[in-house]
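Q: Dropping a structure here in structure tokens format, bear with me for questions.
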Amino acid sequence: MSALRLDQILASAAVAFLLTAPMPALGQQTEPSQAGLTDPSKPGAPSSGQPLAAPPASAAQTAAPATTPEPDRPADPLASLDPADRAVAERVRDLLATKPNPIFTDEKVQAAVEAFYQKRNLAPLWLDKGVENARSMAVIARLKNADADGLDHADYKTPAFAGLSPDALAEAELSLTQTMLTYARHLQAGRMPHRQVREDNIALPQRAPDPAVVLAAVVEGNDAGQALDQFSPPYENYQKLKAALAQLRGKSAGGAGDGIAPGRVLTLNRKRPMEDARVPQLRERLGVPGEATDLRYDEKLAEAVKDYQRSNDLPPTGNLDARTVKKLNPTNDGRIDTIIANMERWRWYHRDVRKSRVEVNEPDFTLKVIQDGRQIWTSRVVIGKPSMPSPLLAQQMDSISINPTWKVPQSIVRNEYLPAEAREPGTLARMGFRMKRVDGETEIFMPPGGQNPLGHIRFNFFNRLTVFQHDTPDQYLFAHVVRAESHGCMRVQDAPKYAEVLAGMVHPELQWTAEKVRGLYADGIEQEIPLESGPIWIYLTYQTAFVDDAGKLQIRRDLYNLDSRTLAAIKEARAIANPALVSKSEPMMATPTSAAPAHRRKVAPMDQVRS
């Protein structure tokens, strides 16, 4: 074999050896003296002018070093604020976290305010870049005009933002928020709980607005001051009184331009009645019907004057003398106070105005039926005497009872009927009453009939004060000017017609008429006309000031002294920062339900109802 052939065989063997060698052996490398470089002094090293590829790295060398991940840091809620607002917001956050809070004494209000500010990342409500904004100016202007709603602007302190440090700006920010919420509460629900006016004879909801709703309103409204209008009582009567208040305040205090003028004493002469130009105005003031051209001082008007004198601690002569004229002419200041008291009472009623309703004005002794916002019928009523006043309430009417049985309330049984029976046995039987003993107590009731004090008809609206409306055999009472004669319930002059109107509103397809109602009297069986599906609501109100259909302010006598009590309670409440609006029995008024509880259907006899 030649030398060349031998060399080829050896070279082939060397290649085969390399190909069959284990792979890990191929991966073993000597550690370079420097990363990415080899020592040029070693044999076989390339020249320094040639680039040198780095040796392949092992899996251990290519793995990333193990590190502990850092936790995510919470985003700064104040980062988006202007630096001037941020400084205020930081202090606002601290003030809201203070317990007890020096600005918000009511914990629920504080919680609502804190949630509101947190939702807006603590951005000030009344400042932009540390400067008072248009929203603040609008609300402050509204607060300074609080008198227009029968409130007192002095009760709503407003801050001055100019020139304050960030800490002072934060306090001013929250103070204005608190003042604005107080104003909205007073505007909607009144300045004090109505139990401070009368403890046990008012059943009205008097609900304060949700602070979150108030705050949202001033943020979303184009004019923050006007946005507060939505918390005013929604009743037309209230808005008319507001306009009358502005008109009176525009006049000089102490005088009344539409008062009855002084003049000669008017006395009754039945044969030749005196005539006087003041008679139409006097008749209107006392609520005596008559023609505007009739100037005669007649018997009906003289009797009305006598009733007015008797109820106002004047000698009941029936003569229109100087003292009576002076009493009939309230000053502007007096009428302003009367309007303010009435506006306050309108705040106690429901926020949603019922389009179909019965509205009783107790001091005016009248009832109005309103359907779809339009008056369709009116009547005279008799209300409770001052010692047993009719209540204030708003309640859904339930039914009309024909031929009701009257179960006499235990208070009347004990205080009136049993003593009368003891003085003259047989008195109650002669009057048509019947007596029985139940669980050790004497119960007195009168079956249906024409002599029943409820008459032939009872109008039911179930309430915790157990009052209702009804017919009466004593129709002569409706001729009186002052008609405060009952134990608290209200007597309606034309009860069959009233039943026709109410039943026609709820059941027009049945074509109820007053004659059809009277036709049910004969059998003496108690029957019921349901009204629940109407629904018709009844409002018992106490309006000593109201604007009539002709746009004229009317003032009525404060029969139950509610005006004086309301004004006194307002004066007392002004010294209290946040009077609670939570009554002793909560809630005082139930919201309307689609179906009445079973016990409500037992309308006759009714326990503890007043006539």
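The values are calculated or read from the model by the stated rules, or taken from the named source; none is laboratory data. None of these values were measured; they are calculated from a predicted model. So basically every Cβ, Gly included, is an ideal-geometry build from the backbone, and we count neighbours across all protein chains shown. These area figures cover heavy atoms from the full protein model, side chains too; ligands, DNA and RNA do not enter into them. Shrake-Rupley method; radii C 1.70, N 1.55, O 1.52, S 1.80 Å.
Q: Can you pick out the pairs among Lys300/Lys516; Lys157/Lys552; Lys326/Lys571; Lys306/Lys327; Lys242/Lys385 whose Cα atoms lie more than 24 Å from each other?
A: In this structure, Lys300/Lys516; Lys157/Lys552; Lys326/Lys571; Lys242/Lys385 exceed 24 Å between Cα atoms.
Q: Using alpha-carbon positions, what is the distance between the centroids of the range 530-561 and the range 266-284, in Å?
A: 29 Å
Q: Rounded to the nearest 5, what % of the DSSP beta bridges within the range 369-491 are antiparallel ones?
A: Roughly 80 percent of the beta bridges in the range 369-491 run antiparallel, per DSSP.
Q: From Cα pairs below 8 angstrom and at least 6 apart in sequence, can you work out the relative contact order of the range 283-365, rounded to a whole percent? Before the final figure, lay out the partial values.
A: Working: 33 pairs, mean separation 13.1, N = 83.
Dividing the mean separation by the residue count of the range 283-365 yields 16 percent.
Q: Sticking with this structure for a sec: What is the extension gain from Thr513 to Glu90, computed as 0.36 nm multiplied by their sequence separation minus the C-alpha to C-alpha distance, in nm to one decimal? Don't jump to the answer; show the numbers that get you there.
A: Values: separation 423, 0.36 × 423 = 152.28 nm, distance 7.13 nm.
The span from Thr513 to Glu90 would gain 145.1 nm if fully extended.
Q: If one computes the Cα centroid of the range 185-203 and of the range 103-168, what distance in Å separates the two points?
A: For the range 185-203 versus the range 103-168, the Cα centre distance is 26 Å.
Q: Ok, one more. Evaluate the distance, in nm, between pseudo-label points positioned 7 Å from the Cα of Asn121 and of Met431 along their respective Cα→Cβ axes.
A: Label at Asn121, label at Met431, 7.7 nm between them.
Q: Could you sort Thr338, Thr331 by accessible area so the largest value comes first, with the probe set to 1.4 Å?
A: Thr331, Thr338
Q: Here is a further query. When ligands, DNA and RNA are left out and all protein chains stay put, how many square angstrom of accessible area per residue does the range 319-394 have with a 1.4 Å probe?
A: 36 Å²
Q: For Asp333 and Glu572, what is the calculated FRET efficiency with R₀ set at 22 Å and r taken between the beta-carbons, to the nearest 0.05?
A: That pair, Asp333 with Glu572, gives E of 0.65.
Q: Within the accessible area of the range 163-264, what % is carbon and sulfur when the probe is 1.4 Å and the other protein chains stay in place?
A: Of the solvent-accessible surface of the range 163-264, carbon and sulfur hold 48 percent.
Q: Right, another one. Could you grab the relative contact order for the range 354-485? Cα pairs under 8 Å, six or more apart, rounded to a whole percent.
A: Reported as a whole number, the value is 25 percent.
Q: Going by Cα centres, the range 210-226 and the range 332-379 are how many Å apart?
A: 28 Å
Q: For the range 437-539, count all C-alpha to C-alpha pairs, find those more than 20 Å apart, and express that count as a whole percent of the total.
A: Summing the P(r) tail past 20 Å for the range 437-539 gives 47 percent.
Q: May I ask you to compute the full-extension gain from Glu107 to Lys385, defined as 0.36 nm times their residue separation minus their alpha-carbon distance, rounded to one decimal in nm?
A: Taking Glu107 through Lys385 to full extension adds about 95.8 nm, to one decimal.
Q: How much length is gained on full extension from Glu275 to Tyr476, taking 0.36 nm per residue of separation minus their Cα-Cα distance?
A: Full extension from Glu275 to Tyr476 adds 69.6 nm.
Q: What FRET efficiency, computed as 1/(1 + (r/R0)^6) with R0 = 22 Å and r the Cβ-Cβ distance, is obtained for Ala79 and Asn222, rounded to the nearest 0.05? It would help to have the intermediate numbers written out before the result.
A: Values: r = 29 Å, r/R0 = 1.32.
The formula returns an efficiency of 0.15 here.
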